[in-house]
Amino acid sequence: MSVFKFIKSISFFKQVAIVVVAALIFVFALQWWFGYTTNHDQKIEVPNLHKMELDEVAKKLEELNLTYIVIDSARYNPEYANKSVIEQNPEAGDFVKEKRKIYLTVNPSKYNDVVLPDLNGRTKRQAITHLLSIGFRIGEFSYVPDIGKDVVRGMKNNGSELKPGNKLPKNSVVDLILGDGNQ
């Protein structure tokens, strides 16, 4: 039998009809199955977790059958409590399904430690600029007998001497010991 005769035959049209019906049944069954397994009609509103501490977040999300993952600790922000939520994804008010993960960015418990640079022999202006740029605050200036006027001869924090390489929390106050220009 030739190909053209087969295409014109009734058995060919029966087979095509069977394939079309089977495909439609498969598509409708798949659509029903996806709706059932993905909880298509379910909506849970994401609560506002902003400024909440992690233990409160855990309780609140457990009640709603949601989970959370801490993805990052941002820079320390003193306006927020330690380990409190700064950002969340999905945002508050969005709708999700049960067992959805809420991704949180939390406030660390303190400022990160920063290594003190070697500023010995630098000018007062250079030292201030460098310390401010890496996150320290400048405290008081004290002077020691030295030929270099306003040249850094040491650093202190809360009365104790600091050496290059020591670590201090960011935003700490650093007092500079400078030369007085007399010898």
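The values are calculated or read from the model by the stated rules, or taken from the named source; none is laboratory data. Just so you know, these numbers come straight off a predicted model, no measurement behind them. Cβ atoms come from the backbone with ideal geometry, glycine included; neighbour counts cover every protein chain shown.
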Answer residue from region 111-147, given it is among the aromatic types (Phe, Trp, Tyr) and either in a helix (DSSP H, G or I) or under 32 Å from the mean Cα position of the chain (by Cα) (or both) and is farthest from Glu79 (Cα to Cα) among those: Phe136
Matching residues, region 20-40, being surrounded by 10 or more Cβ atoms within 10 Å (Cβ to Cβ), assigned to a helix (DSSP H, G or I) and not aromatic (Phe, Trp, Tyr): Val20, Val21, Ala22, Ala23, Leu24, Ile25, Val27, Ala29, Leu30, Gln31, Gly35
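Every residue, every condition in (1) within 26 Å of Pro164 (Cα to Cα); (2) touching a Lys or Arg at 6+ places or on another chain (Cβ under 9 Å); (3) in the same structural domain as Asp175 (by TED's automatic domain parsing), yes or no:
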residue: Asn77; (1), (2), (3): no, no, no
residue: Val96; (1), (2), (3): no, yes, no
residue: Lys99; (1), (2), (3): no, no, no
residue: Pro117; (1), (2), (3): yes, no, yes
residue: Gly121; (1), (2), (3): yes, yes, yes
residue: His130; (1), (2), (3): yes, yes, yes
residue: Ser133; (1), (2), (3): yes, no, yes
residue: Ile138; (1), (2), (3): yes, no, yes
Residue in region 50-65 that is of a type in the set (Gly, Ala, Ser), at pLDDT 85 or above and under 46 Å from the mean Cα position of the chain (by Cα) present: yes
Subset of region 71-96 [touching a Ser or Thr at 6+ places or on another chain (Cβ under 8 Å) and β-branched (Val, Ile, Thr)]: Ile71, Val85, Ile86
Exclusive hit being within 34 Å of the chain's Cα centre (by Cα) and either more than 30 Å from Val106 (Cα to Cα) or outside any helix (DSSP H, G or I) (or both), set Ile69, Ile7: Ile69
Residue match in region 155-175 (condition: surrounded by 15 or more Cβ atoms within 10 Å (Cβ to Cβ), in a loop (DSSP other than H, G, I, E, B) and not small (Gly, Ala, Ser)): yes
Failed item in (1) surrounded by 12 or more Cβ atoms within 10 Å (Cβ to Cβ); (2) over 18 Å from the mean Cα position of the chain (by Cα); (3) not charged (D, E, K, R), with Val85 passing the rest: (2)
Of all residues making up region 91-105, the number that are loosely packed, with under 14 Cβ neighbours inside 10 Å, part of a loop (DSSP other than H, G, I, E, B) and at pLDDT 85 or above: 3
Residue that is nearest to Leu49 (Cα to Cα) [pool: residues in region 72-90 that are of a type in the set (D, E, K, R) and part of a strand (DSSP E or B)]: Glu87
